[in-house]
1. Just for segment 1-30: of the residues that are among the hydroxyl-bearing types (Ser, Thr, Tyr) and assigned to a loop (DSSP other than H, G, I, E, B), which one is surrounded by the most Cβ atoms within 10 Å (Cβ to Cβ)?
2. Residue check: is Ala24 over 17 Å from the mean Cα position of the chain (by Cα) and at pLDDT below 85?
3. Looking at segment 31-39, can you tell me whether even one residue there is surrounded by 15 or more Cβ atoms within 10 Å (Cβ to Cβ) and either touching a His at 6+ places or on another chain (Cβ under 9 Å) or hydroxyl-bearing (Ser, Thr, Tyr) (or both)?
4. Any residue in segment 51-62 that is within 19 Å of Leu86 (Cα to Cα) and of a type in the set (A, V, I, L, M, F, W, C) sitting within a Cβ distance under 9 Å of a residue that is open to solvent by less than 30 Å² (accessible area, probe 1.4 Å) and assigned to a loop (DSSP other than H, G, I, E, B)? List the pairs, counting only those 6 or more apart or interchain.
5. Which residues, taken from segment 53-95, are open to solvent by less than 70 Å² (accessible area, probe 1.4 Å), at pLDDT 90 or above, more than 14 Å from Gly11 (Cα to Cα) and in a strand (DSSP E or B)?
Amino acid sequence: WDNADFSRGVGTTFYQEFYTLNTAKPPFIRDVEAKIRRYLRSSYSAAWTLKITWEKAPAYAARTDTRRTNTYQAILTTDGFRSYVLMLYQEGGMQWDYTRLPATNVLIGYT
């Protein structure tokens with residue numbers, strides 16, 4: 001995650017928490033479980049999941065450009081023993097002008 005800047009009233013951040021131990025799982029959670037099973041080729045049943053969405057987030061400092069925004073999500077999930085993070089980005093990838101960011105050695109994802 002980078003320094004998104006919401007100080008100009010552009011964009012928003014919201015989250016949704018899912019407790020799914022011993023409860024019926026909504027389609028979103030079944031999709032998260034299916035992605036983990038497919039990518040990691042292991043069984044997985046989520047007990048807790050947190051979905052965080054940054055919608056139309058301008059880069060820091062927003063005073064320079066609020067037109068080029070990014071929408072992205074982080075999905076944190078655990079079965080109580082193993083934990084995973086899925087990072088999802090809008091189609092087309094990074095929309096921020098990385099040449100105008102304080103640091104130009106940017107990555108999408110994490111290392």
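The values are calculated or read from the model by the stated rules, or taken from the named source; none is laboratory data. In this text, all values refer to a predicted model and were calculated from it rather than measured experimentally. Neighbour counts are summed over all protein chains in view; Cβ atoms, including those assigned to glycine, are modelled from backbone coordinates with ideal geometry. For the accessible areas, the whole protein counts, side chains as well, though only heavy atoms, and no ligand, DNA or RNA atoms are used. Shrake-Rupley method; radii C 1.70, N 1.55, O 1.52, S 1.80 Å.
1. Top of the filtered list is Thr20.
2. No; evaluated as a whole, the condition is false for this residue.
3. No, segment 31-39 contains no residue that is surrounded by 15 or more Cβ atoms within 10 Å (Cβ to Cβ) and either touching a His at 6+ places or on another chain (Cβ under 9 Å) or hydroxyl-bearing (Ser, Thr, Tyr) (or both).
4. Pairs that qualify, where the first residue is within 19 Å of Leu86 (Cα to Cα) and of a type in the set (A, V, I, L, M, F, W, C) and the partner is open to solvent by less than 30 Å² (accessible area, probe 1.4 Å) and assigned to a loop (DSSP other than H, G, I, E, B), are Ala57/Asp5; Ala57/Trp96.
5. Across segment 53-95, the qualifying residues are Ala74, Ile75, Leu76, Thr77, Thr78, Tyr84, Val85, Leu86.
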